[in-house]
Amino acid sequence: MSDLGLTPSSRRRAGPLDVAVVGGGMVGAAAALALARAGFAVALVDAREPAAWRAEDELDLRVVGLAPSSVLLLDALGAWAGIRDARASGYEHMAVWDAETGAALRFDAADEGRDVLGYIVENTLVQSVLWRALEDAGVQCVVPAAVVGYTEREDRAQLELDDGRLIAARVVVAADGADSPLRAMVGIDTHGHDYAQRGVVAHVTTAHPHERTAWQRFLPSGPLALLPLGDGRSSIVWTLPDAEADRVMGLDDEAFRDALGVASDFRLGQILSVGRRAAFPLRLRLADRYQSGRTVLLGDAAHAVHPLAGQGVNLGLRDVEALRDTLVSARDAGRDIGASHVLRRYARRRGSANGIDAWSFDALGRVYGWTSPPLVAARGLGMRLVNALAPLKRPLARHAAGR
Ligand SMILES: Cc1cc2nc3c(=O)[nH]c(=O)nc-3n(C[C@H](O)[C@H](O)[C@H](O)COP(=O)(O)OP(=O)(O)OC[C@H]3O[C@@H](n4cnc5c(N)ncnc54)[C@H](O)[C@@H]3O)c2cc1C
């Protein structure tokens with residue numbers, strides 16, 4: 001491991017790195033790679049070794065829908081071909097319907113002049129492909145190591161790791177997830193609320209094919225998504241109030257399949273088999289600001305959102321592009337890349353864009369929770385209008401695609 005900016009505490013400190021990224025999930029790993037490819041000297045610190053992805057293993061339970069904007073970024077980083085060729089499932093259609101009124105919205109890739117609307121991919125696959133690329137790009141991967149201390153001097157920030165090593169960098173990127181310890185260390189608070197809901201996830205086999213369609217049924221208890229996998233199965237994200245999530249997690253497979261069949265309105269027929277299940281607590285947690293001194297937040301450390309729009313990681317990857325562009329412009333203009341006025345530019349841009357998206361997803365969840373008959377009727381009418389009128393529908397499709 002090179003010495004640049006990374007030293008045992010007992011040794012004299014070397015000059016600072018350009019950027020130290022803390023957290024090597026999908027977003028942090030993409031940030032480290034994007035910044036290294038842009039010519040910055042980068043270290044990536046993670047408390048855990050990333051889980052290995054192997055084709056012969058069962059699909060990772062955590063999958064995400066990547067929007068076209070995310071695919072473009074991963075492609076520009078040289079990571080997309082490895083993900084696509086390993087196991088990515090393109091979907092051409094998205095069908096959303098309201099359990100109460102039957103109103104539906106449908107999006108087709110062909111209407112947007114594209115082959116697919118997006119791809120369903122496993123978290124571990126994306127993370128492993130990115131990590132494999134990091135070494136080639138010259139990123140110093142410091143793992144496993146947790147950050148336990150943070151200090152700042154005039155020209156650098158310094159991270160103290162749990163093994164006693166120190167990392168000095170002009171910019172520190174906190175990409176250490178929704179509970180971000182680094183966010184707390186630099187004194188940034190959060191706002192938002194717990195949904196008192198959990199997302200129950202599993203991969204299921206259905207009697208009817210998924211037709212390369214991402215299905216989502218809005219029930220008063222929360223949305224149920226069935227996302228198409230490449231092997232013909234569907235990956236479910238079933239949002240339920242906490243107690244109900246506990247109940248369905250405790251059902252045996254047969255009872256679970258029956259309950260899921262009813263919740264999906266048997267749109268893909270009977271649920272024939274279900275694999276391992278897991279449940280994630282859902283919350284809206286937004287950082288009050290994205291910058292403090294030489295540190296910026298990105299990914300879930302900055303914004304943990306409801307999964308109903310399938311946009312969490314896509315927002316994080318847009319943060320990555322914005323940060324890279326901000327740092328490149330500062331460097332090209334001969335400025336200190338870690339100066340507050342430089343980092344504030346990134347923070348303002350992404351803070352407002354993500355805030356609008358996060359509260360829109362939140363509002364959408366509330367609208368589908370309405371039970372009063374006039375409001376339910378208005379919701380059905382609204383959905384039918386949007387579906388029928390291209391000038392209303394197209395901006396939604398474009399926004400979801402990250403355009
Ligand atoms: C049920 C569910 C379904 C979802 N579906 C979608 C979807 O369809 N589309 C979508 O875009 N998003 C989806 N999301 C959201 C998506 O999974 C997250 O937005 C994304 O994984 C966040 O990535 P991240 O890299 O910011 O954080 P994380 O993946 O949480 O990574 C954080 C990293 O930081 C490391 N770390 C933590 N503490 C420290 C420390 N002290 N020192 C060093 N390292 C540390 C961790 O080890 C980890 O590797 C879903 C989420 C849930 C819960």
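Please specify each residue of the stretch 238-252 satisfying the condition of being closer than 30 Å to E92 by Cα and open to solvent by 30 Å² or more (accessible area, probe 1.4 Å).
none
Of all residues being under 17 Å from the mean Cα position of the chain (by Cα) and hydrophobic (A, V, I, L, M, F, W, C) in the stretch 30-50, which is nearest to R87 (Cα to Cα)? Just the residue, please.
Per the criteria, the residue is A30.
Of everything in the stretch 79-106 that's among the hydrophobic types (A, V, I, L, M, F, W, C) and within 15 Å of the ligand (Cβ to nearest atom), which residue is nearest to D231 (Cα to Cα)? Full working, then the answer.
In the first step, residues of the stretch 79-106 are kept if they are among the hydrophobic types (A, V, I, L, M, F, W, C); the result is 79-81, 83, 86, 88, 94-97, 99, 103-105.
Pick out the ones that are also within 15 Å of the ligand (Cβ to nearest atom) and you get 79, 83, 88, 94, 96.
Values: A79: 22, I83: 15, A88: 10, M94: 18, V96: 22 Å.
Checking each candidate, the answer is A88.
Could you grab me the full set of residues in the stretch 315-327 that are surrounded by fewer than 24 Cβ atoms within 10 Å (Cβ to Cβ) and within 9 Å of the ligand (Cβ to nearest atom)?
Matches in the stretch 315-327: none.
Could you grab me the full set of residues in the stretch 59-101 that are in a strand (DSSP E or B) and hydrophobic (A, V, I, L, M, F, W, C)? I'd like the intermediate steps shown before the answer.
So in the stretch 59-101, the residues in a strand (DSSP E or B) come out as 63-66, 88-91, 93-98.
If the condition is that a residue be in a strand (DSSP E or B) and hydrophobic (A, V, I, L, M, F, W, C), then V63, V64, L66, A88, M94, A95, V96, W97 are the ones that fit.
Please specify each residue of the stretch 40-58 satisfying the condition of being touching a helix residue (DSSP H, G or I) at 6+ places or on another chain (Cβ under 8 Å) and assigned to a loop (DSSP other than H, G, I, E, B).
Of everything in the stretch 40-58, those that are touching a helix residue (DSSP H, G or I) at 6+ places or on another chain (Cβ under 8 Å) and assigned to a loop (DSSP other than H, G, I, E, B) turn out to be F40, D46, P50, A51, A52, W53, A55.
Which of the strands (runs of 3 or more DSSP E) found entirely inside the stretch 110-210 contain at least 2 residues meeting this: small (G, A, S), out of contact with any Gly (no Cβ under 9 Å at 6 or more places or on another chain) and surrounded by fewer than 21 Cβ atoms within 10 Å (Cβ to Cβ)?
Working: elements: 118-122, 140-142, 147-153, 156-161, 165-174, 190-206.
Result: 190-206.
Filter the stretch 235-249 down to residues that are within 21 Å of L272 (Cβ to Cβ) and not aromatic (F, W, Y), then give me how many there are. Even if it seems obvious, please write down each step before you answer.
Residues of the stretch 235-249 that are within 21 Å of L272 (Cβ to Cβ), as a first pass: 235-238, 248-249.
Checking which are not aromatic (F, W, Y) leaves us with 235-237, 248-249.
Qualifying residue count, the stretch 235-249: 5.
Kindly establish whether A76 is open to solvent by 40 Å² or more (accessible area, probe 1.4 Å), farther than 20 Å from D231 by Cβ and at pLDDT 95 or above.
Details: open to solvent by 40 Å² or more (accessible area, probe 1.4 Å): yes; farther than 20 Å from D231 by Cβ: yes; at pLDDT 95 or above: yes.
Yes: the conditions hold for A76.
Which of the residues spanning the stretch 335-388 are in a helix (DSSP H, G or I), β-branched (V, I, T), at pLDDT 90 or above and open to solvent by less than 20 Å² (accessible area, probe 1.4 Å)? Before you say what the answer is, go through the steps one by one.
Taking the stretch 335-388 as the starting set, the residues that turn out to be in a helix (DSSP H, G or I) are 340-367, 373-388.
After this cut, where a residue has to be β-branched (V, I, T) as well, the list is 342, 356, 367, 376, 386.
Now narrow it down to the ones that are at pLDDT 90 or above: 342, 356.
Answer for the stretch 335-388, where residues must be in a helix (DSSP H, G or I), β-branched (V, I, T), at pLDDT 90 or above and open to solvent by less than 20 Å² (accessible area, probe 1.4 Å): just V342.
Give me the pairs: first residue in the stretch 132-146 and in contact (Cβ under 8 Å) with a residue 24 or more places away in the chain, second residue surrounded by fewer than 19 Cβ atoms within 10 Å (Cβ to Cβ) and assigned to a strand (DSSP E or B), beta-carbon distance under 9 Å, and six or more apart or on different chains, which are they?
Going by the 9 Å Cβ cut-off, the qualifying pairs are V142/R165; A145/R165.
Note down all Cβ pairs under 8 Å where the first residue falls in the stretch 7-34 and is hydroxyl-bearing (S, T, Y), the second is modelled with pLDDT under 95 and open to solvent by 10 Å² or more (accessible area, probe 1.4 Å), and they're at least six residues apart or on different chains.
T7/R13; T7/A14
The values are calculated or read from the model by the stated rules, or taken from the named source; none is laboratory data. The structure displayed is predicted, hence computed values, not measured ones. Note that each Cβ is placed from the backbone with ideal geometry, even for glycine, and that neighbours are counted across all protein chains shown. Heavy atoms of the whole protein, side chains included, go into the accessibility calculation; ligands, DNA and RNA do not. Shrake-Rupley method; radii C 1.70, N 1.55, O 1.52, S 1.80 Å.
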